[in-house]
Amino acid sequence: MSATVAIMRERFDPSRHGALLALAVILLFNLLVTPNFLQAQTLFVNISQVATIAIVAMGMTLVIATGGIDLSVGAIMALSGALAPLIFLSDFAAANPTLGLTASIVVPVFVALCCGIFNGVLVSFLNVQPIVATLIFFISGRGLAQVLTNGNLQTFTNPSFSYLGTGRVLGLPFQGWLVLLIALILYWVVTRSIFGRQLLAVGGNERAARLSGIPVHRVKIGAYVICAGLSGLAGLIVVAINSASDAARIGNLMELDAIAAAVVGGTLLQGGRAPIFGAILGAVIIQLVKYTLLANGIADEVALIAKAGIIIAAVYLQQARKE
């Protein structure tokens, strides 16, 4: 009997499979309790909401894998989301619709990448603690976005741009396919590319990585740049879904959701591990927790407490796994 129990415990280790168990419990609860959970519209709404969390969480996973953290992702989303309408609603875009639409996507993402360079340089070359370095843009980035928009809500009607958030491919939201594409690319980067191996080496033991000749500075900057670029893209998706840009609200508390999703998905806070698909699983759990509470009449504030509890549980399971 004891041997059978030992085998069963080995096959199902809570520290390894806790996220899957949590997802199964949440799905079962919704199937039994939450009205209309299986309706197509519910599926579309959840995919749309989870897509932005998943995209940012995958970038956050890379940063945490280096032993860092990025608190600026929400502010970068706000800045990117503020820039896009300013561009395609300008006189330039009116005179050159195709070029204006292209610029409204390319320019915000480029600016987001520059923000990532700023964060990465502070962390790698100036040796500023990641939480302090990214806190700088966490504070100033959203303020800059509000300055650009004069603090006004920007509404628009642009079907081509809105396709980012409302388009359908094979009956599923476009951004869901975008998440899958990004995940496949990043999975290849982490598991097959030189950069991916260097990334994990830096997070596993930075001093040993430096002594072995790995360009630690460039690897760290690369992680922050990718995270910022994905945050910029997520900001565009949020604006496209709502056909409006509100610099005060876009990406608000996204840093919490992204960190929670990454940790729940198995990313070690001390670095050295970057489970890309785990980040997506974590994002699904975070979104379903929020949806479940709201669908059953529980205040949104409770969702914040629940997310904090999820992070604590995930960190505890990580520690249990180390022991």
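If I model a spin label at Leu32 and Ile139 as a point 7 Å from the Cα along the Cα→Cβ vector, what separation in nanometres do I get?
4.8
Which listed residue (Cys115, Met254, Ala201) has the Cα farthest towards the positive end of the charge dipole for the chain, taking +1 on Lys and Arg C-beta and -1 on Asp and Glu C-beta about the Cα centre?
Result: Ala201.
Rounded if a/c is under 1.5, else prolate if a/b beats b/c, else oblate: with a ≥ b ≥ c from the C-alpha gyration tensor eigenvalues square-rooted, which is the stretch 140-274? Working shown, then result.
Numbers: a/c = 2.62, a/b = 1.72, b/c = 1.53.
It comes out prolate by the Cα gyration axes.
If we sort 258-267, 29-38 on the protection proxy, mean other Cβ atoms within 10 Å, highest first, what's the order? Walk me through the numbers before you get to the answer.
Numbers: 258-267: 28.8, 29-38: 12.7.
Final packing ranking: 258-267, 29-38.
Quickly estimate the mean residue ellipticity at 222 nm for the chain, helices only: each DSSP H run with n ≥ 4 gives -39500 (n - 2.57), and the total goes over all residues, rounded to 500. Can you show the working numbers first?
Details: 15 runs with 249 residues, N = 323.
Here the helix-only value at 222 nm equals -25500 deg cm²/dmol.
Rounded to the nearest 20 debye, what is the charge dipole size of the stretch 37-322 about its Cα centre when +1 sits on each Lys and Arg Cβ and -1 on each Asp and Glu Cβ? Walk me through the numbers on the way to the answer.
On the way: 14 positive and 8 negative charges, 179 e Å.
It works out to roughly 860 debye.
Which order do Trp177, Trp188 fall in if you start with the one that has the fewest other Cβ atoms within 10 Å? Don't skip to the end; give the middle numbers.
Numbers: Trp177 16, Trp188 12.
The order, fewest Cβ neighbours first, is Trp188, Trp177.
Place the peptides 95-101, 159-165 in order of packing, highest mean first, counting for every residue the other Cβ atoms within 10 Å and averaging per peptide.
Details: 95-101: 12.9, 159-165: 16.3.
By packing density, highest mean first, the sequence is 159-165, 95-101.
At a 10 Å Cβ-Cβ cut-off, how would you order Val179, Val109, Val45, fewest neighbours first? Don't skip to the end; give the middle numbers.
Values: Val179 23, Val109 20, Val45 15.
Ranking Val179, Val109, Val45 by Cβ neighbours within 10 Å, fewest first, gives Val45, Val109, Val179.
Where a ≥ b ≥ c are the square roots of the eigenvalues of the C-alpha gyration tensor, would you call the chain rounded, which needs a/c under 1.5, or, failing that, prolate if a/b is larger than b/c, or oblate? All intermediate terms of the calculation are to be shown ahead of the outcome.
Values: a/c = 1.93, a/b = 1.20, b/c = 1.61.
Oblate, since a/c reaches 1.5 and b/c is not below a/b.
Using the 10 angstrom Cβ neighbour count as an exposure proxy, how do Tyr291, Tyr187 rank, fewest first?
Details: Tyr291 20, Tyr187 16.
Least to most surrounded, the residues fall as Tyr187, Tyr291.
Taken together, the values in this text are just the output of simple stated rules run on the coordinates, not laboratory data. Because the structure is a prediction, the values reported are computed rather than measured. Cβ: placed from backbone, ideal geometry, glycine included. Neighbour counts: every protein chain shown.
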